[in-house]
Amino acid sequence: MPEANPNKSSRKAFSSTSSSRRSSNGCASGHDVEEEDEEELVFQEATCSTRANSADADGSGTPFTNAAAVSETPVTDFYSNATVLITGGTGFVGKVLTEKLLRSFGLRKIYMLIRSKDNMSVQERLQGFFNESIFNRMREEMPQLLEKVHPIRADYSAIDLDIDSADRAMLSSEVQIVFNVVASVKFNEKLSDAIDINVLGTKKILDLAMEMKQLKSFVHISTLYCNCNRKFIKEQVYENEIGYEKIMQIYRTFDDETLEKMRHCLIGQMPNTYTMTKKCAENLVNHRAFHLPAGIFRPPIVMSTYKDPFPGWTDNLYGPSGLCTWSARGLVRCIYGTASCKANMVPADYVVNAMIATAWDIARRFKLRETKADGKSELPVYNYVSDVNNITWGQYMQLSRKGFHEPFDKALWCFSYVIIPSKPLHCAIAFFLHNIPAYILDLIAMVTGQKRIYVKAYRKISRIIDMMAWFGLKEWQFAHRNIDELNELLPAEERSVLQFNIATINWSEYFRSYLSGIRRYFFKDSANDNKLQQRKTIYRRMLLLHTLLKTTFGLSLIMCMLKVYLRIFKIMPKIAL
């Protein structure tokens, strides 16, 4: 074992860097990112800079109704005049959650922990948050709802979150419901950063929740894949091979470089630091919050919205969305994975609806638990997944074609891909379909005096494909009784407001707005009909050329095989003689 560092105790709040990405979960998921990585793949430079206008945002989503007009039912009554705290609220899931709570429930306040960044105050960051396209309809029709959101300056890497004493006292006396969404979702995150955010960050939020005098529900957002080393995953917390307390002790003892050397030993059977630290965080919550109205919600891969507040909204390209988008732009031609494996993906609005209902159910279960004689019970765990209407990776890529009524700008090639379950075969095909074109394109760029970007981009794409492959090559069985029972508990009028039954998703309808939503809301591409028509014409030409090339290659291969066969056929009689 490496020697302990005597100076390690001076680590501020056991933190390493302040540049870590914070999110609301994202698994293979793509969860919410509070601190977004400024670095983008270089080929994203060709995107349009015009922001999608508010007319794009209206879509055909859920009617924009006043929360006060909603009749009181168990869940709406639970949230009526309530004060909510959201961590990781400026990330993807956090934005959808905030918008839904404001629009559909008569809340009193939403407190949001926000870190100062780039010389911007938390109030300035909140204003930028409200300028997001997801709030377009709310800004136009009910801007007064935005006044219910109050930023609280916090630093997740600091002791006690570095929250002002007056703000902390206010949170302790007012907050009733907590959504702990913040997390680092980078699969290749440094171990020290992942522990700092996912484990110690959770501990600090939990310590704050323990001070809350009116706490009714604490929802810790985990991930469906935090026990991915198992084949069958129940709705329970599984103990870590190395306890969370031991992990924190090691973190406090050794420096970052030493921790990285111990990485594989500490991760064990887990594929990356993300899943390992999320599992540790679950153990921490289960051990420390047993006396609180707390529970654990495990979302799957979180995709762009289905209907609410409008179809196709997203602000990131994490996980499969990135691979699909790069395929749509002609960059990714082969993917390492198994087409028949379940993808376990759900639209963000369904995930948020399930989270909101889960908070109510946690409070309900806690009241029932208090009536028991021993008062002992495990925290409720909700695996948000379904055996019904769960599409495969092959179906995901195939259905994505439905978005080509609105093609991307400056695509290199048409949407064409192959999913390969064999690593050697994938490497061989990727060499011809990815590596060789990358060097050719960079050579052309060098000759024409342009920036060489493709070799670097494909190396990054290759790393992402390899990281995603661990989840694309396997299948798991998940127990989901708690989430099913929760859906049955909701009255019919509340199911229309909080629809999270995965069986009700029309995937063909969903994928009509999937890629077009990425184009509008992530790339800020508000192309008019004339531009889209031009892109369609270009895309049809590329598709025709692609078909001709495939046909030519296929015929050439057949001719070569035929020549070899005829040559062998001619030689065989001579050998026989």
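The values are calculated or read from the model by the stated rules, or taken from the named source; none is laboratory data. A quick note: this is a predicted structure, and the numbers were derived from the prediction, not measured. Positions of Cβ are generated from backbone atoms using ideal geometry, with glycine treated the same way; all protein chains shown enter the neighbour counts.
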Lys109, sole failed condition from (1) closer than 17 Å to Phe218 by Cα; (2) crowded, with 20+ Cβ neighbours inside 10 Å: (2)
Residue list for the range 503-513, filter: closer than 14 Å to Val346 by Cα and not in a helix (DSSP H, G or I): Ile505, Asn506
(1) in contact (Cβ under 8 Å) with a residue 40 or more places away in the chain; (2) over 30 Å from Lys524 (Cα atoms); (3) not in a loop (DSSP other than H, G, I, E, B) all hold for His264 apart from (1)
Testing Phe500 on (1) outside any helix (DSSP H, G or I); (2) modelled with pLDDT under 85, one condition comes back false. Which one is that? (2)
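Would you mind stating whether Ser157 is polar (S, T, N, Q) and touching a residue at least 24 places away in the same chain (Cβ under 8 Å)?
Numbers: polar (S, T, N, Q): yes; touching a residue at least 24 places away in the same chain (Cβ under 8 Å): yes.
In short, yes.
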Pick out the one residue from Leu215, Leu206 that is over 19 Å from Lys278 (Cβ atoms) and among the aliphatic types (A, V, I, L, M). Leu215
Could you identify the single residue in Leu206, Leu224, Leu200, Leu191 that is under 30 Å from Ser462 (Cβ atoms), under 23 Å from the mean Cα position of the chain (by Cα), at pLDDT 90 or above and among the hydrophobic types (A, V, I, L, M, F, W, C)? Leu224
So, first residue outside the structural domain of Thr305 (by TED's automatic domain parsing) and buried (at least 20 other Cβ atoms within 10 Å of the Cβ) in the range 509-534, second residue among the aliphatic types (A, V, I, L, M) and in a helix (DSSP H, G or I), Cβ within less than 6 Å, six or more apart or across chains; the pairs are Phe511/Leu399; Leu515/Ala328
Quick check on the range 424-473: of everything there that is outside any helix (DSSP H, G or I) and of a type in the set (Lys, Arg), which residue is farthest from Leu549 (Cα to Cα)? Lys451
Only one of these conditions is not met by Lys550: (1) under 22 Å from the mean Cα position of the chain (by Cα); (2) free of Cβ contacts under 8 Å to residues at least 24 places away in the same chain. Which number is it? (1)
Any chance Phe179 is touching a Pro at 6+ places or on another chain (Cβ under 9 Å), farther than 16 Å from Arg115 by Cα and in the same structural domain as Leu266 (by TED's automatic domain parsing): no
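Within the range 143-160, can one find any residue that is aromatic (Phe, Trp, Tyr) and either in a strand (DSSP E or B) or in contact with a Pro (Cβ under 8 Å, 6 or more places away or on another chain) (or both)?
Taking the range 143-160 first, the residues aromatic (Phe, Trp, Tyr) are 156.
Restricting the remaining residues to those that are either in a strand (DSSP E or B) or in contact with a Pro (Cβ under 8 Å, 6 or more places away or on another chain) (or both) gives none.
Among the residues of the range 143-160, not one is aromatic (Phe, Trp, Tyr) and either in a strand (DSSP E or B) or in contact with a Pro (Cβ under 8 Å, 6 or more places away or on another chain) (or both), which makes the answer no.
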Find the residue count for the range 163-179, including only residues that are more than 28 Å from Ala357 (Cα to Cα) and touching a residue at least 60 places away in the same chain (Cβ under 8 Å). 0
Got at least one residue in the range 434-444 being in contact with a strand residue (DSSP E or B) (Cβ under 9 Å, 6 or more places away or on another chain) and crowded, with 17+ Cβ neighbours inside 10 Å? yes
Among (1) out of contact with any Cys (no Cβ under 8 Å at 6 or more places or on another chain); (2) over 19 Å from Val185 (Cβ atoms); (3) surrounded by 15 or more Cβ atoms within 10 Å (Cβ to Cβ); (4) modelled with pLDDT under 95, there is one condition Asn240 misses while meeting the rest; what is its number? (1)
When the residues of the range 118-140 are filtered to those that are surrounded by fewer than 16 Cβ atoms within 10 Å (Cβ to Cβ) and more than 22 Å from Lys524 (Cα to Cα), which remaining residue is modelled with the highest pLDDT? Gln123
Output the number of the condition that Phe569 fails; it satisfies all remaining conditions of (1) within 18 Å of Asp409 (Cβ to Cβ); (2) exposed (fewer than 10 other Cβ atoms within 10 Å of the Cβ); (3) not acidic (Asp, Glu). (1)
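Return the residues of the range 394-426 that are among the aromatic types (Phe, Trp, Tyr), under 30 Å from Asp442 (Cβ atoms) and surrounded by 21 or more Cβ atoms within 10 Å (Cβ to Cβ); say none if nothing qualifies.
Phe408, Phe415
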Check whether at least one residue in the range 450-464 is exposed (fewer than 13 other Cβ atoms within 10 Å of the Cβ), within 30 Å of Asn530 (Cβ to Cβ) and of a type in the set (D, E, K, R), and report yes or no. yes
Filter result for Phe553 (part of a loop (DSSP other than H, G, I, E, B) and either modelled with pLDDT of 90 or more or not polar (S, T, N, Q) (or both)): no
Among the residues of the range 474-497, how many are within 21 Å of the chain's Cα centre (by Cα) and assigned to a loop (DSSP other than H, G, I, E, B)? 4
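Counting only residues that are among the charged types (D, E, K, R), more than 30 Å from Thr76 (Cα to Cα) and more than 20 Å from the chain's Cα centre (by Cα), how many does the range 153-188 have? It would help to see each step written out before you state the result.
To start, the set of residues in the range 153-188 that are among the charged types (D, E, K, R) comprises 153, 155, 160, 162, 164, 167-168, 174, 186.
Adding the requirement that they be more than 30 Å from Thr76 (Cα to Cα) leaves 155, 160, 162, 164, 186.
Then drop every residue that is not more than 20 Å from the chain's Cα centre (by Cα), which leaves 155, 160, 162, 164.
Counting residues in the range 153-188 that are among the charged types (D, E, K, R), more than 30 Å from Thr76 (Cα to Cα) and more than 20 Å from the chain's Cα centre (by Cα) gives 4.
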Candidate set: the range 128-142, residues that are outside any helix (DSSP H, G or I) and over 12 Å from Leu102 (Cα atoms); chosen: the one nearest to the chain's Cα centre (by Cα): Glu132
